[in-house]
Amino acid sequence: MISFFNRKNYVRDAEWLGVDVHNHLLPGIDDGAVDTLQSIGFIRELTELGFNKFICTPHIFTELYPNTIATITQALVDVKNALVKEELDIDISAAAEYMVDETFKVTETLLCLPGQHILIEMSYLSEIPFLEKVVFDLQLAGFKVILAHPERYGFYHKKPERYERLKDMGVLFQLNLLALSGYYGTEVKSTATGLLKKEYYDFAGTDLHHNIHLKAIKDLICTGKLYKMIGDYPFKNKMLF
Ligand SMILES: [Fe+2]
């Protein structure tokens with residue numbers, strides 16, 4: 001019999017997290033899944049890992065991926081139709097990952113996760129000077145701001161006060177699971193570990209784009225490493241979504 005104390009060594013799935021709040025599973029509209037066939041393959045494999053709900057978050061990034069509600073909705077419909085054909089009953093919906101740059105505008109029609117949660121990212125090169133204003137304007141308009149993968153912004157690594165400031169402003173943080181495998185490098189991993197210790201994270205997601213991500217995520221989950229690292233962490237994925 002597996003004792004309660006040994007349970008940590010035996011959890012090799014992601015059922016405890018349940019909802020993937022950040023991924024690029026919708027086909028052909030950003031740098032994620034290339035077609036419906038690949039989308040279905042990714043969804044099938046993630047479901048086998050224990051995820052039971054997917055909120056797809058394609059990039060909306062004027063320069064590279066100028067998606068709209070129409071392009072995202074169509075891609076979601078395509079995937080839903082393909083799931084029906086495959087007789088897969090999966091809870092899947094769509095929001096977006098908004099690149100905050102000079103072209104980003106706060107409007108009433110932003111694509112949100114449930115409860116008016118909006119997922120934003122910024123350039124990995126430097127902090128945008130108007131980030132706090134955008135956060136403030138979004139909050140004023142009634143949105144709850146989630147910053148995607150804060151651990152990946154190298155310009156914050158030596159500036160923990162910036163993380164503190166954003167948390168003080170009420171920004172929610174979303175961890176990329178792959179950060180904990182060292183996939184993005186040791187500095188990102190240690191920053192993620194530090195943010196976990198401070199309990200700064202609110203959500204976790206796969207941010208899955210392609211097969212290499214999938215393989216790394218499977219390794220992290222199926223070896224039991226992920227649960228050992230963060231299985232006890234109070235993520236709000238299931239609670240809020
Ligand atoms: Fe992403």
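None of the figures in this text is laboratory data; all of them are computed from the coordinates on show. Just so you know, these numbers come straight off a predicted model, no measurement behind them. Every residue, glycine as well, gets a Cβ built from its backbone with ideal geometry; the counts of neighbours run over all protein chains shown.
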Label-to-label distance, nm, for residues given as ARG44 and LEU125 (7 Å Cα→Cβ offset):
4.0
Given that compact globular proteins tend to follow 2.2 N^0.38 Å, what is the ratio of the alpha-carbon Rg of segment 150-200 to that value?
1.04
Coordinate range along principal axes, alpha carbons of segment 40-110, Å, largest first
42, 22, 22
Around GLY115: net Lys/Arg minus Asp/Glu count, Cβ-Cβ under 11 Å:
+2
Once a ≥ b ≥ c are taken as the square roots of the eigenvalues of the Cα gyration tensor of segment 39-79, is the result rounded (a/c under 1.5), prolate (a/b larger than b/c) or oblate (a/b not larger than b/c)?
prolate
Ordered by packing density, taken as the mean number of other Cβ atoms within 10 Å over each peptide's residues, highest first, how do 58-66, 87-95 rank?
58-66, 87-95
So for segment 117-223, if I pair up every lysine 8 or more residues apart or on another chain, how many of those pairs have alpha-carbons under 22 Å apart?
20
I'd like the Karplus ³J(HN,Hα) series for segment 88-102: coefficients 6.51, -1.76, 1.60, θ = phi - 60°, whole numbers in Hz, and an x wherever there's a Gly or Pro.
9, 9, 10, 7, 9, 9, 9, 10, 7, 10, 8, 7, 8, 9, 4
Can you give me the distance in nm between label points at LYS198 and ALA70, each placed 7 Å from the Cα along the Cα-to-Cβ direction?
4.3
Relative to the present Cα-Cα distance, how much length would full extension add between TRP16 and THR109 at 0.36 nm per residue of separation?
30.3 nm
Which log10 I(q)/I(0) values, to two decimals, does segment 186-239 give at q = 0.21, 0.24, 0.25 Å⁻¹ under the Debye formula with one point per Cα?
-0.96, -1.18, -1.24
Unit Cα scatterers, Debye sum, the chain: log10 I(q)/I(0) for q = 0.09, 0.10, 0.12, 0.17 Å⁻¹
-0.37, -0.45, -0.66, -1.35
Quickly estimate the mean residue ellipticity at 222 nm for the chain, helices only: each DSSP H run with n ≥ 4 gives -39500 (n - 2.57), and the total goes over all residues, rounded to 500.
-10000 deg cm²/dmol
Per-residue counts of other Cβ atoms within 10 Å, averaged by peptide: what ranking do you get for 173-184, 104-115, highest first?
173-184, 104-115
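Treating only the Cβ atoms of Lys and Arg (+1) and Asp and Glu (-1) as charged, compute the dipole magnitude of the chain about its Cα centre; round to the nearest 20 debye.
900
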